[in-house]
Amino acid sequence: MKRHLLVATALAGGLGIAMTPSVKADELSDLKSEMGSMKEELKALRALVKTQGEQQPAQPQGNIAAQPQGNIAAQPQGGIAAQPQGGIAAQPQGGLLLSGGGLTMPALTDGANTTPAPTPFTFAGIPLVSTPYTHMYIGGILDAGYRIDGGTKQGTVQSINSGQSRTSRLTIEGYQELPHGLRAVAGIEAGMALDTGTGTSNPPNSPAGSFTFGRFAAVGLGRDDWGYVTFGRQYAPIWSVSASGMNDPFGGMYLGGIGTLYNTTIRASNAVVYSYGYSWETMLDPAPKAGLGVAAMYSAGEASAPAPSDSGEEAGVGLSYGGQGGKWWVGYAYHQVRGSNGTISATAPVTSSPMLRQHSMGASYDLGPARLFAGGNMGFNGNDNARTGGVDSWAWDVGATVPVTKVQLVRFLYGKKYDQTSAKAGLSTAQISYEYTMMLPQLSTQTYKPSLVLYVLGGLIDNSPNSAASLTGASTTVSPGAMAKTAATGFRFVF
């Protein structure tokens, strides 16, 4: 079209130069008539060019459309499209998209890699470092509220308590893309008490109240379709299955349903873990809700003389499977500890016998209006004398989660524990909670999605004459045979 304009302009200029005083009047009149026609044609050509330019393909808001081989993809409303967790992700052919929490590169091999963001069970995850190869996140849970404990030796006790529904924590984790689809993974997690500002969940022999990463500290290598090998202080497979949100309606938290009933090891230092199905977050998350989950752990006792070298040595394995996208779930785990109890540390070794063995199993099924849960646990070390560290107990529990609305949830658990040692310290417990999630505005450009939950919970423990158990988080003591009661309310902020 530009070529047509140039030709027409040149013709007009040539005719203008050709005119001289000797040109006859009638010829001059003809020329003027031809020039007028040319001007009209020029106007028509310019109008046509303008019309064709306006008809070029454009997005409704005028942004750049993505071609098959790359460039920035524009969504119907313009701008770069945001996925729920934010961050920039590379498409297979090179386009850019906002996605799960960090800048992602195309797969280095066959595209088997995905770009997962931290799961909501742990935290939403704020991108801390975002490069084409490295993805680091910082997040956590802040939980505190008002609590009343009754049935204790101190009478009725009121307190401001931290971690009533989920333990308050700070988590830093991430991964780095490597050749052949591999990922280097790492994470550290520190517990904290919001009522005092001090640390909790300290590893063995750490000063009380110090801010340490005693909840989790590990580094490893792997890929999602092969599994990951990690080294450090990590959650035990038996806890991953027992405390799973698919096995326990309270997810191992709140007033301690399974924490009250089960004999189970939570975490171990000096551990190497192989996990499959847990994604790059490895053992930071509980057993996966859908598909196959496998975890195996070995923890070196690292005892020094005069204790046996295998004193404190631990080992465990966990298996789970969630079918139909997690509609139903089953899991089993085993853990053993060489020594008289489960609180062994390298600097305070005990003998390597007896061997403490623990089993946990559970299942759940989503009916739609409610999800039903059932589980069981046993622990024994071959010693029936409670005064000398004997362990011989088994327990069962049932429960449910009922989503009243999209932002309201009710949880319930009832269970019994039977003690076969000389103490005969059995008990039963019932616990219930109500949650209301205060939905924050979700903008398409958000890089993370925090949530604020208001909760109200209550529970009781009916102790046998020789049992003095209290609900998790209590700062009081209970007389043997007394009924411990707790009611609490508070806020939980996940970021």
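Here is how the numbers come out for the structure above:
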{"read-out": "In region 141-176, residue surrounded by the fewest Cβ atoms within 10 Å (Cβ to Cβ) [restricted to those that are under 30 Å from residue 280 (Cα atoms) and aliphatic (A, V, I, L, M)]", "value": "172"}
{"read-out": "Region 196-243: number of residues that are more than 27 Å from residue 179 (Cα to Cα) and surrounded by fewer than 21 Cβ atoms within 10 Å (Cβ to Cβ)", "value": "14"}
{"read-out": "Failed item in (1) in contact with an Asp or Glu (Cβ under 8 Å, 6 or more places away or on another chain); (2) more than 22 Å from residue 286 (Cα to Cα), with residue 179 passing the rest", "value": "(1)"}
{"read-out": "Spans of strands (runs of 3 or more DSSP E) in region 130-188 with at least 1 residues out of contact with any strand residue (DSSP E or B) (no Cβ under 9 Å at 6 or more places or on another chain)", "value": "155-162"}
{"read-out": "Which numbered condition residue 212 misses (of (1) assigned to a strand (DSSP E or B); (2) hydroxyl-bearing (Ser, Thr, Tyr); (3) in contact with a Gly (Cβ under 8 Å, 6 or more places away or on another chain))", "value": "(1)"}
{"read-out": "Single residue of 470, 433, 428 found to be in contact (Cβ under 8 Å) with a residue 60 or more places away in the chain, within 30 Å of residue 356 (Cβ to Cβ) and either of a type in the set (Gly, Ala, Ser) or in a strand (DSSP E or B) (or both)", "value": "470"}
{"read-out": "The lone exception for residue 310 - which of (1) crowded, with 17+ Cβ neighbours inside 10 Å; (2) charged (D, E, K, R); (3) more than 27 Å from the chain's Cα centre (by Cα) it fails", "value": "(1)"}
{"read-out": "Residue 137 being surrounded by fewer than 20 Cβ atoms within 10 Å (Cβ to Cβ) and either out of contact with any helix residue (DSSP H, G or I) (no Cβ under 8 Å at 6 or more places or on another chain) or of a type in the set (Val, Ile, Thr) (or both)", "value": "no"}
{"read-out": "First in region 203-215 and touching a residue at least 12 places away in the same chain (Cβ under 8 Å) and polar (S, T, N, Q), second anywhere and surrounded by fewer than 16 Cβ atoms within 10 Å (Cβ to Cβ) and part of a loop (DSSP other than H, G, I, E, B), Cβ under 6 Å, 6 or more apart", "value": "205/347; 212/206"}
{"read-out": "Condition broken by residue 254, with the remaining ones in (1) among the hydroxyl-bearing types (Ser, Thr, Tyr); (2) at pLDDT 90 or above; (3) under 26 Å from residue 328 (Cβ atoms) satisfied", "value": "(2)"}
{"read-out": "Residue that is in a strand (DSSP E or B), touching a residue at least 12 places away in the same chain (Cβ under 8 Å) and surrounded by fewer than 15 Cβ atoms within 10 Å (Cβ to Cβ), where the choices are 410, 453, 398", "value": "398"}
{"read-out": "Whichever residue in region 290-301 is surrounded by fewer than 24 Cβ atoms within 10 Å (Cβ to Cβ) and modelled with pLDDT of 95 or more and, among such residues, is nearest to residue 204 (Cα to Cα)", "value": "298"}
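The values are calculated or read from the model by the stated rules, or taken from the named source; none is laboratory data. Please read these numbers as outputs of a predicted model, since none were measured by experiment. Note: ideal-geometry Cβ built from the backbone for every residue, glycine included; neighbour counts use all protein chains shown.
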